[in-house]
Amino acid sequence: AALAAATVAFLCLRPTPVRLVDFAVFRAPDALSCSNATFEAAIDATPGYAAASRDFMRKIVAHSGVGERAAMPALMHAPPPWQVTMAACRDEAEMVMFEVVADALEKARLDARDIDCLVVNCSVFCPTPSLSSMVVRRFGLREGVASYNLGGMGCSAGVVAAALAADHLRVHPRSRALVVSTENITHNLYTGNSRSMLIPGCIFRVGGAALVLSNHPADAPRSKYDLAHVVRTHKGGDDAAYSCVYQCEDGDGMVGVRLSKDLMRVAGAALKANVTKLGPAVLPLPEKVAFAANWAARKVGRRRGARARRARPRKESSSLPFHPSLPTLSSST
């Protein structure tokens, strides 16, 4: 009886597994490929860019590592001036989302009506109806699907969306979740001359991904990964972190996303905080022991150094040594 009770307690109290069944990434058509030469020709033909802005953008693109086959939206392949419309933004969002969702469902061998939770994230483009509603309408998801739409969360939104879907699965057994992550380049088109706002247009391209997460026992044999840990660190309370990626108007009233010089420092601090939290959960026991020994040695070394500095006698001040070539100054002078 005790063994049976322990077994039942273990099965009831153990965390619900969350598995990645399959995923898909956006593959842009060749017609949307934007080489560095194509990008330079486009900015040269744009009347809003000053000569100094064009030179700055060329330098950013040359050192950004963006591939020659990275995609730009159809709007930016047309001759400028470009008119950013809601229709053009929707066209880009639908092109990316619909392809990755269809591909992910096909790989997972699931129908759209098998999805119980949908999470879509896009930082700068938040239309009405929402992007998640666009996916529900296109693929015919069930009326009872739990649908979420995340916006304004930058590059972290993909991980936040996956964590939200995992939280849903942990409390709803035998469920499946679809996570769609993308960004909208058309909506973020900036043709002003503020350097901090020109950078996003140089380093971001069209892309997206879709994940199928599940806790359904039938999906366990063909799942690719198990989600073991989720760590989130929010630095929004720090002024530098809050404003390092900021959507606003420039001096001429043109809207864009400003990237500050603090971005890399803030990202490094957040990454350090995440690794500090995640390390104890994923490192093997020998690595934990080695880390603890190293940490203790550094603590002892710092304490010994502090004691030595306190015990060291202070040097008494001395006057300048006499030198025969130097004139002797009297107190009157």
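In segment 271-283, the residues that are open to solvent by 90 Å² or more (accessible area, probe 1.4 Å) form no Cβ pair under 8 Å with any partner that is of a type in the set (Lys, Arg) and not in a loop (DSSP other than H, G, I, E, B), whether six or more places apart or across chains. Please identify the pairs in which a residue from segment 196-213 that is more than 17 Å from residue 38 (Cα to Cα) and part of a helix (DSSP H, G or I) has its Cβ atom under 7 Å from the Cβ atom of a residue that is of a type in the set (Ser, Thr, Tyr) and open to solvent by 30 Å² or more (accessible area, probe 1.4 Å), counting only partners at least 6 apart or on another chain. These pairs meet every condition: 196/260. Taking residues in segment 216-241 that are in contact (Cβ under 8 Å) with a residue 24 or more places away in the chain, and partners anywhere that are in a loop (DSSP other than H, G, I, E, B), the pairs with Cβ atoms closer than 7 Å and at least 6 places apart or on different chains are 216/174; 216/175; 226/17; 227/18; 240/262; 241/235. Taken as a whole, segment 130-147 holds no residue that is within 14 Å of residue 97 (Cα to Cα), open to solvent by 20 Å² or more (accessible area, probe 1.4 Å) and within 18 Å of the chain's Cα centre (by Cα).
Just a yes or no: is a residue in segment 217-225 assigned to a loop (DSSP other than H, G, I, E, B), open to solvent by 10 Å² or more (accessible area, probe 1.4 Å) and either more than 28 Å from residue 41 (Cα to Cα) or modelled with pLDDT under 95 (or both)? Yes, segment 217-225 has at least one match. Each residue in segment 148-176 was checked for being among the polar types (S, T, N, Q) and within 18 Å of the chain's Cα centre (by Cα), and 2 pass. Looking only at segment 94-143, which residues are β-branched (Val, Ile, Thr), out of contact with any Ser or Thr (no Cβ under 9 Å at 6 or more places or on another chain) and part of a helix (DSSP H, G or I)? Selection gives 101 alone. Out of the residues in segment 38-96 meeting the condition of being touching a Phe, Trp or Tyr at 6+ places or on another chain (Cβ under 7 Å) and over 19 Å from residue 255 (Cα atoms), tell me which one is modelled with the lowest pLDDT. Ranking the candidates gives 61 first. The one condition from (1) assigned to a helix (DSSP H, G or I); (2) surrounded by fewer than 15 Cβ atoms within 10 Å (Cβ to Cβ) that residue 83 does not meet is (1).
The values are calculated or read from the model by the stated rules, or taken from the named source; none is laboratory data. Computed from a predicted structure; not experimentally measured. All Cβ positions, glycine included, derive from the backbone under ideal geometry; neighbour counts span all protein chains shown. These area figures cover heavy atoms from the full protein model, side chains too; ligands, DNA and RNA do not enter into them. Shrake-Rupley method; radii C 1.70, N 1.55, O 1.52, S 1.80 Å.
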